[in-house]
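The values are calculated or read from the model by the stated rules, or taken from the named source; none is laboratory data. Predicted model, so just to flag it, every value in this text is computed and none were measured. In this analysis, Cβ positions are derived from the backbone assuming ideal geometry, glycine residues included, and neighbour counts consider all displayed protein chains. SASA here: full protein model, heavy atoms, side chains in, ligands and nucleic acids out. Shrake-Rupley method; radii C 1.70, N 1.55, O 1.52, S 1.80 Å.
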Amino acid sequence: MSNIKCQCGHENPYGTELCEKCGRPLSEKAKKSDIVDMRYEGSSRRSQTYKSSIVDKIWNFFSSVKIGVSIIVAVLAASAIGTIFPQKFYVPATTDAEYAEYYERLYGVVGKIYYQLGFYDMYNSWWFKVLIVMLATSIIIASIDRVVPLYKSLKKQRTRRHPSFMKRQRIYGEGDVENTEEALAKAEEKLKELRYNVKTENGAILAEKHRFSRWGPYVNHTGLIIFFAGVLLRGIPGFYVDEAMWLREGETRNIVGAPGYVLENRGFILENYTKDEAEEVFGEALDKVGSIVKTYQTDVTLYKEKEGALPGSDDLEKMQDYSIVVNKPLKFNGYNVFQMDYKLNELSTMTFHLVNKSTEKSLGEFTVDLSKPEKEYDLGNGSSVKMIGFYPDYDGVKDGEPYSKSPVPNNPAFIFQMKTPDKPEGERSFVAIRQTLEVEENDYAVKFASAETRNISGLTIRKDKTLYILLLGGLIFMIGVIQGSYWQHRRIWVQKDAEGHILVAAHTNKNWFSLRKDLDKVRESAVLPAYIDRQDPELDKQEQEGDEK
Amino acid sequence: MDLVAVSSNLLFVSFVSYLVATLFFGGAIKKSKTEKAYHNSKWGTIGLVITIIGFLAHLGYFFTRWAASGHAPLSNMFEFTTAFGMMLVGAFILLYIIYRTPSLGLFALPIAIIIISYATMFPREVTPLIPALQSKWLFIHVITTVIGESILAISAIAGLVFLVKNIDMTKKSKQRFWIEAVMYTLILVLGFVVTSTTFKVMNYEAEFTYIDKNQAPAEITYHVPPLFGMNEYEAMTPDAMTPWIEMPPIVNAQKLSSLVWAVAVGSVLYLLLRLIARKPIAAVFQPLAKKANSQLMDEIGYRSVLIGFPVFTLGALIFAMIWAHEAWSRFWGWDPKEVWALITWLFYAAFLHLRLSRGWEGEKSAWLAVIGFVIIMFNLIAVNLIIAGLHSYA
Ligand code: HEM
């Protein structure tokens, strides 16, 4: 493709709309229009120039703002649909059948369709991810397409522009003044006072301000891309750990997901607000709601396995004591341990008596530690109790066997074999809470005496090496939006043409009202011709005349 | 007087100031003939001074309540919505100082007044903080978000002025229909305020037991006569009205009843107003917008999105993620409130692109700004009251 040569002699790249140097319109379209399209200074952009190959087509697709906005709107709509009913991870179900049943039971046919279309797991669906990837692609391509030509042409601007460029600006004025030289000099002085960067070239002034704000969108798009990259990285092992563990009071266990570290739970505390401490201020609210929780807290001690110790050995080195509360996770070596959940009063031990049914005399007692039940409890005097079966979460009989639905001791049940001097072969008995079953009538029974409970803390363990990347992306995004939003690129051209008339033109990428205020200030000190704003028919001419009423 | 009482009185002072200031901005528009005079109107300046006094009283409310409770008053619907009203006025003051346009005040202050009235319909007693909210980020995140949202809201108000001024109210059109729909919605909020206040003054209460969606028994108290009954309800208050119909377990029939009351009373109000005015409500306001310069309103609309968008991003996304990481161990969890903040953000990003690169100015831009406000309000009201996830204030 050949270059375009302008009348002023400058060679412009193929596809240029306005001469990079003097601003004369080059394309037919630009020559015909009343106001030139100043968006990218009329420079040549790849997407506007090459349209034939498949690469061009893809490039042009993604660099279009129309497509970009459509993608944004598609993400927006999908996100919104995802909030109509609760997402998968907020639903108490595990199997597909349970999910289907849940959505149908609560939300009827609509719920069923919602489930079947996969909207119940919207944000993990493949097509949602595809949309995000398209968004990122679009941002990258659209930015590259524009930033290079924009940079080049803003760098190359000449001070004197051709009248045909001036006349096609949105804000334009021309006329004669008594003393042209003085007017130009005053205008220059005033523009400098208004903190414009002023360049002059025999009878022409270019005053420019805040050009850097034009780079704002590109900076903020870069921030977004860094953010996306950070999110992508969490897929790589080692960058991201997300585990959960239950830790009972008094327990010491290896931290899930953090090899080499061990945590001891020294106690879980749940505290409510009380009226006396919360004074009169909260009294009314407490009366109304009943009780309000003040703290969830787990007191822990963190240990590290000693160098060279075998994994799981007891060779521990104490690191620190800490109280984990909500909003104050335990932090060590890149890991965070959060207070997320709790269970109060889980059974920890149960104590039983072995009694003679007819005399009700006890032959001794024994205590079962529900987390570590023993095979046999020797009561002395030739009596013992053997544990034949243990069902921590007893849930009826399945296939002729007692059945435990979980390893959590919510509803413990036992099969005991009781040996006594009278009955050396032993008698069997099934013991559950408020229930005893015997195969034949026994002489002896195991009777529940007492139980102890303890609390459990639900902890979440996280390690996220991408956080700093995300934070960096966020920071760059903020710099970019602020740069592009809180400043505007303004330019004012004033020049004397060949016939000695004064031409005034001005352009900004946004906020024309503020630009006009600047121009009015310049007109107050230097007598310049009145201007028109071609897009504001209501602009009051009197305002320019400084009419006070 | 204790601090909580001082605080309530200051809120009342600010409320009255905003009412009075509105009248002065009205005067500013009536009295001035030319554009220039209107920009420098004395009435406008007095209006601004009164608004600032109201705003200071409002800040006074905020900080005395903070002192009384020991935490930033941003922890329930009443406090959050009041703060939104406060920052809306703050954002208006900022843009008034840049552009000096009384028409903006004439629309912004009444909307702030409606928002504050709406806020006071929620329980107002000072509540202690649950563990998840005990963090410095409560203040940092929420206040930044509220400031961002209220600056964005100003763009909707500028858009409203633009639309009220420029839509031809004499001919039937889509635009006329929708601008009237906006007016109707604002009147519905008033309907809510009127019903809640009336039944509150009457001390109305009706208690019911019902079976919730997890099939567990529960209790609920209505503060308006129960038009709709909860799933398998049984009345515990003998003389309460019998609900018309029973709702399935996923519908909160108590909130539905309040909503239907508000809509019914609001609609009656609207009809009365129309009967008195004998023209669309938007047409009644049209003369008040006539002197506004359309280009200027358009620019204020854009400018406030430009100022508000970065603030909103910082508060509602960046600070939100930092806090979510501290409190819930993940920086993003697709909770409905988070998702709606993201939707708001994407919407304004689309707005900026349409405007900058596709030249959507004037009327299109004004409509977009109004829709943006609807999304913000949806997140504040509907997501809290209906969708309700972790963030729910109500
Ligand atoms: C969520 C995603 C995005 C955000 C938050 C974002 C943000 C922004 C912001 C704040 C601006 C400045 C607007 C103004 O000053 O009025 C901007 C400009 C721009 N954006 Fe985006 N953007 C996003 C996605 C995209 C996409 C997908 C495209 C693809 C077409 C795109 C293309 C552009 C272009 C062409 C500009 C104008 C640049 C200029 O005039 O120099 N953006 N963007």
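Does A:Glu243 qualify as being under 22 Å from A:Lys331 (Cβ atoms), away from every other protein chain (no Cβ under 13 Å) and more than 15 Å from the ligand (Cβ to nearest atom)? It is false that A:Glu243 is under 22 Å from A:Lys331 (Cβ atoms), away from every other protein chain (no Cβ under 13 Å) and more than 15 Å from the ligand (Cβ to nearest atom). Here segment A:488-524 is the region considered, the condition is being within 12 Å of the ligand (Cβ to nearest atom) and within 10 Å of chain B (Cβ to nearest Cβ), and the residue that is most open to solvent (accessible area, probe 1.4 Å) is A:Asn509. Reported count of residues in segment A:191-212, each being under 54 Å from the mean Cα position of the chain (by Cα) and within 17 Å of A:Lys496 (Cβ to Cβ), is 9.
Filter segment A:89-120 for residues that are assigned to a helix (DSSP H, G or I), more than 10 Å from chain B (Cβ to nearest Cβ) and not hydroxyl-bearing (Ser, Thr, Tyr) and give the result. Across segment A:89-120, the qualifying residues are A:Asp96, A:Ala97, A:Glu98, A:Ala100, A:Glu101, A:Glu104, A:Val109, A:Val110, A:Lys112, A:Ile113, A:Gln116, A:Phe119. Residue pairs whose Cβ atoms lie under 7 Å apart, separated by 6 or more positions or on different chains, with the first residue in segment A:189-210 and at positive phi and the second at pLDDT 90 or above, are A:Arg195/A:Lys209; A:His210/A:Trp487; A:His210/A:Gln488; A:His210/A:His489; A:His210/A:Arg490.
When B:Glu234 is tested against the conditions (1) within 11 Å of chain A (Cβ to nearest Cβ); (2) open to solvent by 60 Å² or more (accessible area, probe 1.4 Å), the lone failure is (1). Of A:Ser47, A:Ser79, A:Ser64, which residue is open to solvent by less than 60 Å² (accessible area, probe 1.4 Å), more than 30 Å from A:Ala30 (Cβ to Cβ), within 16 Å of the ligand (Cβ to nearest atom) and within 14 Å of another protein chain (Cβ to nearest Cβ)? None of the others qualify; the one that does is A:Ser79.
Within segment A:274-295, being of a type outside the set (A, V, I, L, M) and either open to solvent by 80 Å² or more (accessible area, probe 1.4 Å) or at pLDDT below 75 (or both) holds for A:Lys275, A:Asp276, A:Glu277, A:Glu279, A:Glu280, A:Gly283, A:Glu284, A:Asp287, A:Lys288, A:Gly290. Between A:Ser164, A:Ser153, the distinction of being within 16 Å of the ligand (Cβ to nearest atom), in contact (Cβ under 8 Å) with a residue 24 or more places away in the chain and outside any loop (DSSP other than H, G, I, E, B) belongs to A:Ser153 only. Just so you know, in segment A:210-238 the residues that are open to solvent by less than 60 Å² (accessible area, probe 1.4 Å) and more than 16 Å from the ligand (Cβ to nearest atom) include one that is modelled with the lowest pLDDT, and it is A:Gly238. Restricted to segment A:306-366, the set of strands (runs of 3 or more DSSP E) holding at least 3 residues that are of a type in the set (Asp, Glu) is empty.
Annotation note: of B:Trp360, B:Trp367, B:Trp334, the sole residue that is at pLDDT below 85 and hydrophobic (A, V, I, L, M, F, W, C) is B:Trp360. Within segment A:346-405, the residues that satisfy the criterion of being charged (D, E, K, R), under 47 Å from the mean Cα position of the chain (by Cα) and open to solvent by 60 Å² or more (accessible area, probe 1.4 Å) are A:Lys372, A:Asp395, A:Lys398, A:Lys405. Of the residues making up segment A:406-416, those that are assigned to a strand (DSSP E or B) and open to solvent by 30 Å² or more (accessible area, probe 1.4 Å) are A:Asn411, A:Ile415.
Cβ-Cβ contacts under 8 Å between residues 6 or more apart (or on different chains), taken from a first residue in segment A:260-272 that is closer than 30 Å to B:Pro128 by Cβ and among the polar types (S, T, N, Q) to a second residue that is open to solvent by 10 Å² or more (accessible area, probe 1.4 Å) and part of a strand (DSSP E or B), are listed as A:Asn265/A:Arg248; A:Asn265/A:Thr252; A:Asn265/A:Asp299; A:Asn272/A:Val293; A:Asn272/A:Lys294.
Let's see how each residue does on (1) in contact with a helix residue (DSSP H, G or I) (Cβ under 6 Å, 6 or more places away or on another chain); (2) open to solvent by less than 20 Å² (accessible area, probe 1.4 Å):
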residue	(1), (2)
A:Leu26	no, no
A:Ser52	no, no
A:Asp56	no, yes
A:Thr83	yes, yes
A:Val109	no, no
